[in-house]
Amino acid sequence: MRDAAKKLQNGQQEIEQKLADLKKLVTSLVNGGYVTDRSSKQFDQSYDEFNEGAKKTIEGLDGMGKFLESAADAFERADDELAKGLGK
């Protein structure tokens, strides 16, 4: 469970980095390769909305990772208590 928690949290960081890289790409594109009066600006705005939504969605990975860590802690405590109850 702890391994899965760490993978979820690392995955969040990797996705956030990829989103940042893609945002730089889109910004560069609308500033230098795809420049129009309206559609490039609309594209940039649409991408910003997508990017913000994606960031909010992947923030859930950290919460899921923390939940798994808490669950692992609870299982460990329960196991310790059961072992104590058996006198071992």
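The values are calculated or read from the model by the stated rules, or taken from the named source; none is laboratory data. Please read all numbers here as calculations on a predicted model, not as lab measurements. So basically every Cβ, Gly included, is an ideal-geometry build from the backbone, and we count neighbours across all protein chains shown.
Can you work out which of the residues in the stretch 1-48 that are under 30 Å from E76 (Cα atoms) and among the aliphatic types (A, V, I, L, M) is surrounded by the fewest Cβ atoms within 10 Å (Cβ to Cβ)? Steps first, answer last, please.
Filtering the stretch 1-48 down to residues under 30 Å from E76 (Cα atoms) leaves 1-14.
Of the ones still in play, those that are also among the aliphatic types (A, V, I, L, M) are 1, 4-5, 8.
Values: M1: 15, A4: 13, A5: 20, L8: 20.
Filtering the stretch 1-48 for residues that are under 30 Å from E76 (Cα atoms) and among the aliphatic types (A, V, I, L, M), the one surrounded by the fewest Cβ atoms within 10 Å (Cβ to Cβ) comes out as A4.
Only one residue in G87, G60 is out of contact with any Cys (no Cβ under 9 Å at 6 or more places or on another chain) and at positive phi, so which one is that?
None of the others qualify; the one that does is G87.
When only residues in the stretch 60-78 that are touching a residue at least 60 places away in the same chain (Cβ under 8 Å) and aliphatic (A, V, I, L, M) count, which is surrounded by the most Cβ atoms within 10 Å (Cβ to Cβ)?
My answer is L68.
Between residues in the stretch 18-35 that are of a type in the set (D, E, K, R) and residues that are modelled with pLDDT of 95 or more, which pairs lie under 7 Å by C-beta distance while being six or more apart or on different chains?
Hits for this filter: K23/N51.
Select from the stretch 37-84 the residues that are over 30 Å from D3 (Cβ atoms), modelled with pLDDT of 90 or more and not aromatic (F, W, Y) and list them in ascending order.
Passing the criteria: R38, S39, S40, K41, Q42, D44, Q45, S46, D48, E49, E52.
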